[in-house]
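Notes for the one structure printed next.
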Amino acid sequence: MTEFSPAAAGPHEAESALLATRLVAIIRLSDHRRVVEIGAAGIRYLRALRGPLPQARIIPTGRVTIEDAGAWLRAGAAAVALGSDLVDRAGTLDGLADRAFQAVEATKEVQLG
């Protein structure tokens with residue numbers, strides 16, 4: 001699987017154009033695609049990418065929350081990756097099962113169609 005991490009992606013057009021250009025290159029090189037750390041660029045940016053790149057299976061990570069996971073899926077994400085939003089503020093796993101359940105519930109409507 002080819003992995004792409006646009007950590008510098010932001011709201012600036014030049015950075016967004018770079019991300020899109022690199023994503024096209026990845027799609028051409030691989031049958032399996034994964035984009036990580038696109039969460040910082042935002043849901044609107046994912047929608048913009050999906051227009052010209054409908055074949056891209058984009059899995060956003062970084063700044064994806066339980067509350068907005070469903071919105072990412074509705075915008076065309078193949079899946080979402082949650083990390084820090086699943087652990088408590090102290091960095092422990094206390095309550096992990098509850099937060100994982102909340103994530104499933106938050107995305108259930110999108111999953112069921």
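A short reminder: the numbers here are calculations on the coordinates, not readings from a lab. Just so it is clear, the model here is predicted, and its values are computed rather than measured. Counting neighbours? That spans all protein chains shown, and the Cβs are built from the backbone with ideal geometry, glycine included.
Find how much the distance from residue 47 to residue 59 grows on full extension, using 0.36 nm per residue of separation minus their present alpha carbon separation; answer in nm with one decimal.
Fully extending the segment from residue 47 to residue 59 adds 3.1 nm.
Estimate the FRET efficiency between residue 28 and residue 89 by the formula 1/(1 + (r/R0)^6), using the beta-carbon distance for r and 30 Å for R0, to the nearest 0.05.
About 0.10, to the nearest 0.05.
Say each of residue 21 and residue 108 gets a label point 7 Å from the Cα, pointing the same way as Cα to Cβ; how far apart are those two points in nm?
My value for the distance between the label points is 4.6 nm.
Taking neighbour counts of Cβ atoms within 10 Å as a proxy for exposure, in what order, fewest first, do 63, 89 appear? Kindly include the intermediate steps, with their values, before the conclusion.
Working: 63 15, 89 6.
Arranged by neighbour count, lowest to highest, 63, 89 become 89, 63.
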